[in-house]
Every structure is written in C-alpha cells, then in structure tokens.
Amino acid sequence: MSTTTKPVNQKAWFLILPVLICVAFSAILPLMVVVNYSVQDIISPERRVFVGTEWFAAIMRDEELHGALLRQISYSFAVLAVELPLGILLALSMPAHGWKSSAALVIVSLSLLIPWNVVGTIWQIFGRTDIGLMGAALQGMGIDYSYTGNALHAWLTVLLMDVWHWTPLVALLGYAGLRSIPDAYYQAASIDGASKWDVFRYVQLPKMRGVLMIAVLLRFMDSFMIYTEPFVLTGGGPGNSTTFLSQFLTQKAVGQFDLGPAAAFSLIYFLIILLMCFILYNWMQRVGTQAKEGGHE
C-alpha cells in the first residue's frame with residue numbers, strides 16, 4: 001500500500017502575519033515594558049536602579065492590597081450569584097418567536113449600549129435623596145439611605161448598578177443557548193410527562209452549560225477589573241469601602257506615580273485573574289461532567 005503525503009504550503013503563515021503584528025504591539029510589547037518596570041526603581045527618566053523582586057515582596061505585604069483583594073473577590077462572587085440566576089430567569093421568560101422576541105431582545109440590550117461612565121453618572125443621580133428616584137423612594141420608606149456616607153449602602157449600590165448594567169448580557173447568552181435546543185428534546189419530555197422544572201433541570205440547563213460558562217468567565221473577568229462605574233459613583237468611598245483592585249492600581253500608578261510597585265502589582269493582578277478563571281472553568285467542567293454521568297445512571 002503506497003502512502004502519499006499532502007503538501008504543506010508554508011506561505012499560508014503570511015495570512016496571519018498582520019494579526020501577529022497587532023498582538024505583538026498591543027499585548028506582548030506592553031507586557032514586556034511592565035515586566036521591565038516591575039524589577040526597577042525608576043527614580044527619574046534617566047536614573048533607574050535594578051531591585052529584582054523587591055517590589056513584588058512589598059506589594060504582597062501591603063495590607064491595603066489585602067483589603068482591596070478581599071473586597072474585589074466578595075464583589076465579583078456577589079455579581080455572579082445575583083446576575084446568573086436573574087439572567088437565566090430573564091432568558092426563560094423572553095418570547096421565543098415572532099415580533100415580540102425581536103422587541104424583547106432590543107429592550108433587554110439597551111443597558112448594554114450605555115457607556116460605563118454614563119452608567120455611573122445615571123446611578124449617581126438615581127441614588128440622590130433629593131432628586132433621585134431610588135434615593136427619594138428609600139427615604140420616603142423611612143430608610144436612611146446614603147451611598148456617600150454609608151459603606152454598606154455604597155457597596156450595595158455599586159452591586160445593584162452592575163446587576164442593572166450587565167444582567168442583560170447573561171440573559172442574551174442564555175437566550176441563545178435556549179434557542180439552540182432542538183424541538184425534539186421538548187417533544188420527548190412532553191411524551192414522558194416531564195414538568196417544567198424537569199425540563200429546565202434535565203434539558204435546558206445542561207444544554208445551556210456552554211453559554212453559561214462563557215457568561216461566568218466574562219462576568220467574572222469584567223467585574224474583577226471594574227473601575228469606571230464605582231469611580232464615578234463613589235470615588236472608591238466612603239473610606240475604602242468601594243476601592244477595588246483596579247482603583248488601588250490607579251492610585252499607585254497615577255496618584256503616587258510609583259511605577260515600579262504599580263507594574264509589579266499589575267502583573268500580580270493579571271495572574272490572579274488567570275488563576276481565578278482557571279479555577280472557575282475547571283469547576284464548571286467538573287460539574288458538567290458529573291451531571292452527565294448522573295444522567296446516564
């Protein structure tokens with residue numbers, strides 16, 4: 001039996017050369033600059049001293065960083081805990097066909113079109129007790145609400161603002177997953193006499209696992225890097241109650257102009273996001289595998 005080898009055209013690599021160049025200039029080169037700054041003490045543009053891992057050790061011992069990291073993790077997981085169920089519920093309640101489906105998609109997507117700084121300004125006005133609808137309503141119910149003076153109120157307002165802004169993204173992803181399920185699954189469930197809960201648990205939710213994984217990773221990464229909305233709404237206050245990691249980094253780099261510690265912290269920040277996303281991805285993969293094995297049993 002004769003075997004033939006398929007010729008390989010190496011010139012095809014030139015087709016992706018523009019992409020490689022763009023990635024090099026937009027990601028790789030800036031990352032190399034940050035790594036270079038993280039091991040130097042930049043006294044002036046002309047004077048730089050190599051300090052090795054000194055900035056990394058100093059950042060890891062910083063108690064303000066520990067507080068910001070704890071606030072960031074609790075905030076990101078609170079975002080996932082609220083937005084995922086709401087997004088799934090909204091996707092299930094949206095019409096499946098006809099003009100109502102198109103209208104619902106447009107209405108749900110409206111908040112995603114608003115820029116981040118505008119969202120912060122909207123909720124800044126919305127939460128005021130003199131002219132804001134939410135603030136005045138809470139005051140009318142006897143609740144002494146103040147997102148500028150109460151740390152818990154500020155944290156909950158930032159969370160509510162993010163839920164309002166980004167839950168539609170989870171809903172749209174869930175809606176796409178629901179529409180990809182063939183009608184044969186629903187017909188089989190109807191013949192078996194499955195309830196709505198059974199259809200959701202054994203048909204819809206397993207088929208939505210892929211898009212929900214994307215939603216979890218996108219929302220976690222985005223909430224872990226949140227900056228503009230809380231900065232516009234509360235400025236990180238009152239105190240440090242809404243000062244998250246991105247604002248802590250900005251204070252280091254821009255406010256104090258400590259480029260060395262800021263570069264070291266940005267690398268640590270980057271590694272934390274990668275690690276948390278890796279853990280979430282593997283956890284969701286394991287949950288999906290266990291669900292499949294349980295279904296086969």
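Where a number appears in this text, it was derived from the coordinates with a stated rule and is not lab data. Quantities reported herein were computed from a predicted structural model and do not represent experimental measurements. Virtual Cβ from ideal backbone geometry, glycine too; neighbours counted across all protein chains shown.
From its DSSP helices (H runs of at least four residues, each -39,500 (n - 2.57)), the chain gives a residue-normalised ellipticity at 222 nm of -21000 deg cm²/dmol. With label points built 7 Å along Cα→Cβ from the Cα atoms of Gln256 and Phe14, find their separation and express it in nm. Using points 7 Å along Cα→Cβ, the separation is 5.2 nm. On the basis of the beta-carbon distance and an R0 of 35 Å, Tyr186 and Phe278 show a calculated FRET efficiency of 0.50. Here the contact order of the chain, divided by its residue count and restricted to Cα pairs under 8 Å and six or more residues apart, works out to 26 percent. Among complete DSSP H helices in the chain, those whose alpha-carbon atoms stretch at least 18 Å along the helix's long axis and whose mean Kyte-Doolittle hydropathy reaches -1.0 are 63-93, 151-179, 209-224, 259-296. The chain: longest stretch without exposed trypsin sites (Lys or Arg not before Pro) (DSSP loop, at most 11 other Cβ within 10 Å), sites themselves excluded? Answer - 62-297.
For Arg47 and Ser111, the difference between the fully extended length at 0.36 nm per residue and the C-alpha to C-alpha distance is 18.3 nm.
For the chain, the tally of Lys pairs with Cα-Cα distances below 29 Å comes to 5, considering only residues 8 or more apart or on different chains. Check which residues have an amide H placed less than 5 Å from Gln40's amide H, if you skip close sequence neighbours. Amide H to amide H, under 5 Å and 5 or more residues apart or across chains, Gln40 pairs with Val51. Distance between the 7 Å Cα→Cβ label points at Met32 and Ser74: 4.2 nm. Phi-derived couplings, Karplus 6.51 cos²θ - 1.76 cosθ + 1.60 at θ = phi - 60°, listed residue by residue for the range 195-207: 7, 4, 5, 5, 4, 5, 6, 9, 10, 6, 4, x, 6 Hz, with x used for Gly and Pro.
In this simple spin-label approximation, Ala24 and Ser102 carry label points 7 Å from Cα along the Cα→Cβ vector, and these lie 4.6 nm apart. Comparing Ala81, Ala154, Ile181 along the charge dipole axis of the range 45-191, the residue lying farthest to the positive side is Ile181, per the Cβ-charge model.
Taken over the Cα atoms of the chain, the convex hull encloses 270 Å³ per residue.
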